[in-house]
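The values are calculated or read from the model by the stated rules, or taken from the named source; none is laboratory data. Nothing here was measured: the structure is a model prediction, and the numbers come from that model. We place every Cβ from the backbone using ideal geometry, glycine too, and count neighbours over all the protein chains shown. Quick note on the areas: whole protein, heavy atoms, side chains included, nothing else; ligands and nucleic acids left out. Shrake-Rupley method; radii C 1.70, N 1.55, O 1.52, S 1.80 Å.
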Amino acid sequence: MKRKRVVVLGATGSIGDSALKVARDIPDRMEIVGLAAHSNAPKLAAQANETRAPAVCLVDDTKIDELHRALEYSPQVFSGEAGLREIATLPDSEMVLIAVVGTGGLRPALAAIKSGKDLAVASKEILVMAGEVVMHAARAQGVRVLPVDSEHNAIFQCLDGRASEVRRLILTASGGPFRATPAADFASITVEQALKHPTWTMGRKITVDSATLFNKGLEMIEAHWLFGVEMERVEVVIHPQSIVHSMVEFMDGSVLAQLSHSDMCFPIQYAVTWPERVPNSLTPLDFGKLRQLEFETPRYDDFPALHLARRAGNAGGTLPAVFNAANEVAVEAFLGERIRFPAIWETVETVMDRHRAIAPADLDAILGADQWARREAAAVIGSDSSS
Ligand code: NDP
Ligand code: MG
């Protein structure tokens, strides 16, 4: 039995909180050796004081003094984007959990792979943007990319290495807060309504993504890269209870599913202890109380994110990066009450239509397309909101 030494990037977020919970729950198996955040110095300091992680990193260097004042011991302190790459390559760590919202975790993830660390990936955006680059680098270096996203962790558990015998990957989606809302009412959806997820408590960006179904669209492309399965064989089914976290249909027609309560501690623990399973204090399912598990077909035409994702994933190259970046900008604009809810889809579609995709694409082309799409999305939003 061995303790895994883990660095957590995005420690102060929702996934970061769950990772610390897992470390508290299975201390014999998981040790936090590094913690990184963007600008929340008080929370990062509190987490560091609790875990006594030997290294911490705050990207926003204007908050470094605040961090130092709040620390009750003397860890190694990094800052800036460069600091994030340094903490991702700490000599003493074995695994880096990427839980930075958006694409800020891409460079540190590639640095971690290069220095031989296994990755546990929550940040689906980096796999959508640069899945081929990340998976190729990991294979070349002989390191693992373990999925933390609950659907992909479920698929990983069901697959058990038998990817060549798969017929379909079936991603479950809760459907979000507007699963049954008539499309005619979408334009009046408020930020507050979009931030009320029926089954999961998560950060703001992914909560909005769950409401638009962009989250599931991103996850389709994420699954394609993680498991090397063509986009045509990645499907989505709505499952409002969020108990079945995803399924794999094998070529003989048998379907395997993974079930648990909707708590990210389950997938985080499995990524850390894989290939072993160890006991914990998480609440098991009580089938007597579950009563029913429902499944239904997504409303593809009312929630265009799934069609857009399929288009981006099929085209490959730079288009998934454009799809992802335009969505990030549009979600920010929606949260800032600068655009209405349906304009998130419209913005992404317009930016995708305007993009001249390069395929296959190397990292430079992908980063260039990401920047282009952010500018283009901002321009689309600017011209719409001034009209
Ligand atoms: P949160 O918004 O709760 O947390 C984001 C974290 O990222 C914070 O620690 C934040 O630091 C940090 N951060 C933001 N920008 C940067 C940056 N440029 N460099 C370094 N750190 C940064 O997000 P979640 O925890 O909900 O989500 C994190 C990722 O995990 C997302 O990619 C999401 O899609 C994915 N995911 C989340 C799930 C969930 O249940 N929450 C489920 C499946 C996937 P600070 O606090 O200082 O701003
Ligand atoms: Mg998910």
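Which helices (runs of 4 or more DSSP H) does the stretch 258-359 wholly contain that include 2 or more residues that are in contact with a Ser or Thr (Cβ under 8 Å, 6 or more places away or on another chain)?
Numbers: elements: 265-273, 287-290, 305-315, 319-335, 342-354.
Fully inside the stretch 258-359 and qualifying: 265-273, 319-335, 342-354.
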Exercise for the section: Check whether at least one residue in the stretch 102-120 is within 16 Å of ligand 2 (Cβ to nearest atom) and among the β-branched types (Val, Ile, Thr), and report yes or no. Expected result: no
Practice task
Name the single residue, out of those in the stretch 1-30 being touching a helix residue (DSSP H, G or I) at 6+ places or on another chain (Cβ under 7 Å) and part of a strand (DSSP E or B), that is most open to solvent (accessible area, probe 1.4 Å).
Solution key: LYS4
Exercise for the section: Please enumerate the residues belonging to the stretch 87-99 that are open to solvent by 10 Å² or more (accessible area, probe 1.4 Å) and either among the aromatic types (Phe, Trp, Tyr) or within 16 Å of ligand 2 (Cβ to nearest atom) (or both). Expected result: ALA99
Practice task
Could you give me the residue pairs with C-beta distances under 6 Å whose first residue belongs to the stretch 132-159 and is open to solvent by 40 Å² or more (accessible area, probe 1.4 Å), whose second residue is within 16 Å of ligand 1 (Cβ to nearest atom) wherever it lies, and which are 6+ apart or on separate chains?
Solution key: PHE156/PRO147
Handout entry: Unique residue being on the phi > 0 side of the Ramachandran plot and either under 18 Å from the mean Cα position of the chain (by Cα) or of a type outside the set (Lys, Arg) (or both) when the list is GLY34, GLY10
Key = GLY10
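Could you say which residue among ARG338, ARG354, ARG374 is closer than 22 Å to LYS124 by Cβ and charged (D, E, K, R)? Show your work before the answer.
Numbers: ARG338 fails: closer than 22 Å to LYS124 by Cβ; ARG354 fails: closer than 22 Å to LYS124 by Cβ.
Exactly one residue qualifies, and that residue is ARG374.
Output the residue which, of all residues in the stretch 196-226 that are of a type in the set (Phe, Trp, Tyr) and surrounded by 20 or more Cβ atoms within 10 Å (Cβ to Cβ), is farthest from ligand 1 (Cβ to nearest atom). It would help to see each step written out before you state the result.
In the first step, residues of the stretch 196-226 are kept if they are of a type in the set (Phe, Trp, Tyr); the result is 200, 214, 225.
Still in the running and surrounded by 20 or more Cβ atoms within 10 Å (Cβ to Cβ): 214, 225.
Values: PHE214: 10, TRP225: 15 Å.
Residue satisfying both the conditions and the ranking: TRP225.
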Fill in the blank from the handout: Scanning the stretch 358-373 residue by residue, those open to solvent by less than 50 Å² (accessible area, probe 1.4 Å) and more than 13 Å from VAL133 (Cβ to Cβ) turn out to be GLY368, ALA373
Exercise for the section: Determine the pairs where a residue that is within 14 Å of ligand 2 (Cβ to nearest atom), located within the stretch 193-218, has a partner that is open to solvent by 50 Å² or more (accessible area, probe 1.4 Å) with Cβ atoms under 6 Å apart, the partner being 6 or more residues away or on another chain. Expected result: GLY203/VAL101; LYS205/VAL101; THR207/LEU195
Practice task
Write out, first by first residue and then by second, each pair whose Cβ atoms fall under 7 Å of each other, whose residues are 6+ apart or on separate chains, and whose first residue, in the stretch 110-130, is surrounded by fewer than 24 Cβ atoms within 10 Å (Cβ to Cβ) while the second is assigned to a helix (DSSP H, G or I) and modelled with pLDDT under 95.
Solution key: none
Exercise for the section: Being within 27 Å of VAL237 (Cα to Cα), assigned to a loop (DSSP other than H, G, I, E, B), within 13 Å of ligand 1 (Cβ to nearest atom) and open to solvent by less than 10 Å² (accessible area, probe 1.4 Å) narrows it down to one of GLY102, GLY175, so name that one. Expected result: GLY102
Problem - Search result, residues across the stretch 59-81 that are of a type outside the set (S, T, N, Q), open to solvent by 90 Å² or more (accessible area, probe 1.4 Å) and either farther than 15 Å from SER39 by Cα or not in a helix (DSSP H, G or I) (or both) - result: GLU72
Problem - Of the criteria (1) within 29 Å of LYS216 (Cα to Cα); (2) surrounded by fewer than 20 Cβ atoms within 10 Å (Cβ to Cβ), which one LEU84 fails - result: (2)
Fill in the blank from the handout: Residues in the stretch 121-155 that are within 14 Å of ligand 2 (Cβ to nearest atom), among the small types (Gly, Ala, Ser) and in contact with a helix residue (DSSP H, G or I) (Cβ under 6 Å, 6 or more places away or on another chain) total 2
Practice task
Determine whether the stretch 212-226 contains at least one residue that is polar (S, T, N, Q), more than 30 Å from ARG139 (Cα to Cα) and not in a loop (DSSP other than H, G, I, E, B).
Solution key: yes
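Look through ILE170, ILE206, ILE189 and report the one residue that is more than 27 Å from LEU97 (Cβ to Cβ), in contact with a Ser or Thr (Cβ under 9 Å, 6 or more places away or on another chain) and among the hydrophobic types (A, V, I, L, M, F, W, C).
Values: ILE170 fails: more than 27 Å from LEU97 (Cβ to Cβ); ILE206 fails: more than 27 Å from LEU97 (Cβ to Cβ).
Criteria check complete, one pass: ILE189.
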